[in-house]
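Data first, discussion second: the structure below is written as structure tokens.
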Amino acid sequence: EALRMFLSTFRLPGEAQCIDRLMESFASRLFEVQLVQLLGHRLEQTQSVEKAMLEPPRDNTDCDSVNANERVGALDPPALTHQPVLPFKNADAAYILSFSTIMLNTDLHNPNMKEERRMTLEQFIRNNRGINDGADLPVEFLTSLYQEIKNDEIKMKADLDDVILQKGMGNVDSDVQ
């Protein structure tokens, strides 16, 4: 959902280098939010990961200087009993999976793609093997992500040219937001 929210706010630029920088920043922030949650820093109960992604990064030196393994014993029992929201071991895993998710979205929802050539769940899982610091991401996590993308396409913010081409000059103002 965080990637969906991120990509819905703007149109990806055409330059690969710009896309790379945007996705690297996104992945770093996603990993930071996960790390903050894993270290026991609680977000407000009504605040989701997606909303936390939009907040500026926290300047908590204690998060940087404390090893996650050393902090486990310091967490209160409720924090230890629930699974982490995101399973990434490092920002690179979030970065690779973000790109993989964009490719999956394009593959599953491109009208020019023949049905028999679309990526299957098994292919998506295989494509993402070993991306988590040499380990696999949980199959349940990847399966859920695949189904989410398959059932609900990630749509990026349309620009005025797209709306005009698709709908003509009719009611353009109501379509571009």
If R0 is 22 Å, what FRET efficiency do you get for D133 and T106 from their C-beta distance, rounded to 0.05?
0.25
Taking the Cα of D92, stepping 7 Å toward and past its beta carbon, and measuring to each backbone N in segment 136-159: which are under 17 Å?
136-137
Cα-projected label distance for R117 with E1, points at 7 Å along beta-carbon direction, nm:
3.5
Checking rank on 24-31, 132-139, with mean other Cβ inside 10 Å and highest first, the result is 24-31, 132-139
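None of the figures in this text is laboratory data; all of them are computed from the coordinates on show. Since the structure is predicted, the reported quantities are computational estimates derived from the model, not experimental observations. In this analysis, Cβ positions are derived from the backbone assuming ideal geometry, glycine residues included, and neighbour counts consider all displayed protein chains.
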